[in-house]
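Input: a single structure, listed below in structure tokens.
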Amino acid sequence: MSALLQIERLSVTYNLNGRALPALQEVDLCLAPGEKLGLVGESGAGKTTLASAVMGLLPRGATVKGAILFKGQTLSSPLLARLRGREMVLIPQNVYNSLNPVFSIGQQMEDLLVKAQLPRQKRQQLILELLGKVRLPRPQELPGSYPHQLSGGMKQRILLAMGLSRSPSLVLADEPTKGLDPVRRMGILRLVKELVSRNGQSLILITHDLKAAVYLCDTVALMYRGELVEIIPASCLLTAGLHPYTRALLAAAPERGLAIPACGEGPPSPAAVQGCPYSLVCPICLPACRKKKPPLFSVGPGHMVRCGKVA
Amino acid sequence: MLEFRQVEMVFRSGRSRKKAVYALRSVSLRLEEQEIFGLMGESGSGKSTLGRIALGLLAPSAGEICWDGTCWTRSMPKKVRLAIQGIFQNPYGAFNPRHKLAYALAEPLLKHRLVRSKEEREAAVRVMLRRVNIDEGCLDKYPSQLSGGQVQRLALARILLMQPRLIVADEPTTMLDLSIQAQVIRLLQTVQQETKTALLFISHDVPVVTALARRAGIMYGGRLVEVGLVDELIAQPRHPYTQVFLAAAREQTVPELQQGEQKEGCPYVVNCRQAGAECLSYAPPLRPVSGEHYVACYWAGQCK
């Protein structure tokens, strides 16, 4: 089967007041139709940059190298304009800033459907159907309400409904469960899982909730400072993670003893690191790692690690 | 040490204050000296409201709060206010972005005239920086130049300068990365062991509370529905809501909860499978089931 999304040697560099800030370095990723990929890493790892690059939403100063192919076609801006919102959608992270406060929910949802050239009656019906699908209580009352009248969890569901309204083949969800309590988090995770698998859509879930990624995804890709360090089948992540960074993240979980990982704190240093980016803090680093960046080694079916020690 | 006695909190809004939100309903809770108490519950369950009342930022609508035998209803005595300090979810919000950290950290000492000389003040700040493991170079910086984890640690350093006897930590790690969260939680643990302050840790992260706290409470709909030793609570939750809450935290499939507008009676009644007539009319009080384990459910222990 051919890939739905193929990312080849993608590098993104931001321009920060004349300083070059590498955000992504030669990322290779492949997403099959219907595959669910979790993109895990800490702040500054480049998760959101990767999603923005796919959606063509990078800020103007960013330099992009490499290629992104969607269904075999290289993404260019006219193509992106056609695909965005139809074939691929981004469900943004910040639910509070993502809905317009002065328009009602119904108006905002209808705006999306106007372009689909459906008659008015059909549109209203579809909106109610969508609101019901994301299991919002009393859907018939919602189109008339405004964002400030809804809770964060409800807004999250409305964004989900809006994202899925045109049945896209690729859904990118940026931290959909951030800050939710366990019951609501589980509700959203289950809902996303159900909706996406029902329609056979592909999903890229951006999160730093390892357990959410395991629950929802087939594959998990771990990122560290703009690079992919490990790609692993989700079911193996908690037990068979190999990269020292993956292990450090797992050990930092409260139920595993809150080990303080040697990740370094703060934004990534703009100075280009020779060799493996993790070698600066890596506990098992070899001298060779500091000189040359190890490639992604295949260590099992669907399991790749960028680590000189593992090779 | 700190005790809430049937504390109620009603937020009124709308024309002629007719709309009322009952944020807390008859909450009674005692925090012991030197203990870490974890307060869990969904968003809107009233856990932050209780924290804000503990800090004296809100005056309860009814009920009484006691500290070492002194009780009050409306305004917290100043002596108590100084002994209870808080850290919050957004550490950047705790600092004035236009003040350098040297001033920000020394400000409480200046304001409350806790030190006599400049040297003494600077020494106290330096000691605190060492305690939270942050380089002195940060004193010349602004909060925006530091990472979230560093600023949260500095916020902790600043309240520790007040030598509090109780720290209220309201979701201090929700915004932080996993590795930084581990740092902050570890730091809270060491600080608590060294200074023997009590800690009221508000969070909806079950693993974090389990790792940190000795006792924990679960809130739902403005009521405290279950209190007990953390290990006991995790192993044998009695209240049906606690059971759902803990199962969801373990990625188990749980039913979706309806929002109930329950003025009288048990707040969980709309979602409860075993609710009887008495649950509708009277909210069950917290009753002991064993040792330190209390639950507010008529069916406690027999629930499936």
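Would you mind stating whether residue A:163 is more than 26 Å from residue B:207 (Cα to Cα), in contact with a Pro (Cβ under 8 Å, 6 or more places away or on another chain) and either within 13 Å of chain B (Cβ to nearest Cβ) or of a type outside the set (Val, Ile, Thr) (or both)?
no
Filter the stretch B:210-226 for residues that are β-branched (Val, Ile, Thr) and crowded, with 24+ Cβ neighbours inside 10 Å; which is nearest to residue B:192 (Cα to Cα)?
B:218
Would you confirm, using the coordinates I've provided, whether residue A:84 is in contact with a strand residue (DSSP E or B) (Cβ under 6 Å, 6 or more places away or on another chain) and either closer than 23 Å to residue A:214 by Cα or surrounded by fewer than 21 Cβ atoms within 10 Å (Cβ to Cβ) (or both)?
no
Only one residue in A:118, A:142 is farther than 29 Å from residue A:223 by Cβ and part of a helix (DSSP H, G or I). Which one?
Testing whether each residue is farther than 29 Å from residue A:223 by Cβ and part of a helix (DSSP H, G or I) leaves just A:142.
May I ask you to list the residues in the stretch B:78-100 that are over 16 Å from the mean Cα position of the chain (by Cα) and either of a type in the set (S, T, N, Q) or open to solvent by 50 Å² or more (accessible area, probe 1.4 Å) (or both)?
Once the filter is applied, which keeps residues that are over 16 Å from the mean Cα position of the chain (by Cα) and either of a type in the set (S, T, N, Q) or open to solvent by 50 Å² or more (accessible area, probe 1.4 Å) (or both), the stretch B:78-100 yields B:78, B:79, B:82, B:92, B:93, B:96, B:97, B:98, B:99, B:100.
Report, ordered by the first and then the second residue, all pairs with beta carbons closer than 6 Å, sequence separation of six or more or different chains, a first member in the stretch B:186-203 that is open to solvent by 50 Å² or more (accessible area, probe 1.4 Å), and a second member that is modelled with pLDDT of 90 or more.
Listed pairs, sorted by first residue: B:196/B:34.
Can you tell me which residue among B:216, B:235, B:211 is aliphatic (A, V, I, L, M), in contact with a helix residue (DSSP H, G or I) (Cβ under 6 Å, 6 or more places away or on another chain) and free of Cβ contacts under 8 Å to residues at least 60 places away in the same chain?
B:211
One residue is enough: does the stretch B:163-174 have a residue meeting the conditions open to solvent by less than 40 Å² (accessible area, probe 1.4 Å), modelled with pLDDT of 90 or more, touching a His at 6+ places or on another chain (Cβ under 6 Å) and assigned to a strand (DSSP E or B)?
No, the conditions are met nowhere in the stretch B:163-174.
If you take the residues of the stretch B:227-239 that are out of contact with any strand residue (DSSP E or B) (no Cβ under 6 Å at 6 or more places or on another chain) and either modelled with pLDDT under 90 or away from chain A (no Cβ under 12 Å) (or both), which of them is least open to solvent (accessible area, probe 1.4 Å)?
Step by step, filter the stretch B:227-239, then rank; the result is B:237.
Between B:61, B:16, which is open to solvent by 20 Å² or more (accessible area, probe 1.4 Å), more than 17 Å from the chain's Cα centre (by Cα) and without any contact (Cβ under 8 Å) to a residue 24 or more places away in the chain?
B:16
Residue B:157 versus (1) within 27 Å of residue A:257 (Cβ to Cβ); (2) open to solvent by 40 Å² or more (accessible area, probe 1.4 Å); (3) assigned to a helix (DSSP H, G or I); (4) hydrophobic (A, V, I, L, M, F, W, C): which is the lone unmet condition?
So residue B:157 meets the others, but not (2).
State whether the residues of the stretch A:176-187 include one that is within 16 Å of residue A:40 (Cβ to Cβ) and in a strand (DSSP E or B).
no
Considering only the stretch B:125-155, state which residues are closer than 14 Å to residue B:184 by Cβ and of a type in the set (Ser, Thr, Tyr).
Matches in the stretch B:125-155: B:147 only.
Going residue by residue through the stretch B:249-267, is there one that turns out to be free of Cβ contacts under 8 Å to residues at least 12 places away in the same chain, under 30 Å from residue B:188 (Cβ atoms), of a type in the set (A, V, I, L, M, F, W, C) and within 14 Å of chain A (Cβ to nearest Cβ)?
yes
The values are calculated or read from the model by the stated rules, or taken from the named source; none is laboratory data. As the structure is a computational prediction, the values presented were derived from the model and not from experiment. Methodologically, a virtual Cβ is constructed for each residue, glycine included, from the backbone with ideal geometry; neighbour enumeration extends over all protein chains shown. When the accessible area is computed, the model is the full protein with side chains, heavy atoms only, and any ligands, DNA or RNA have been set aside. Shrake-Rupley method; radii C 1.70, N 1.55, O 1.52, S 1.80 Å.
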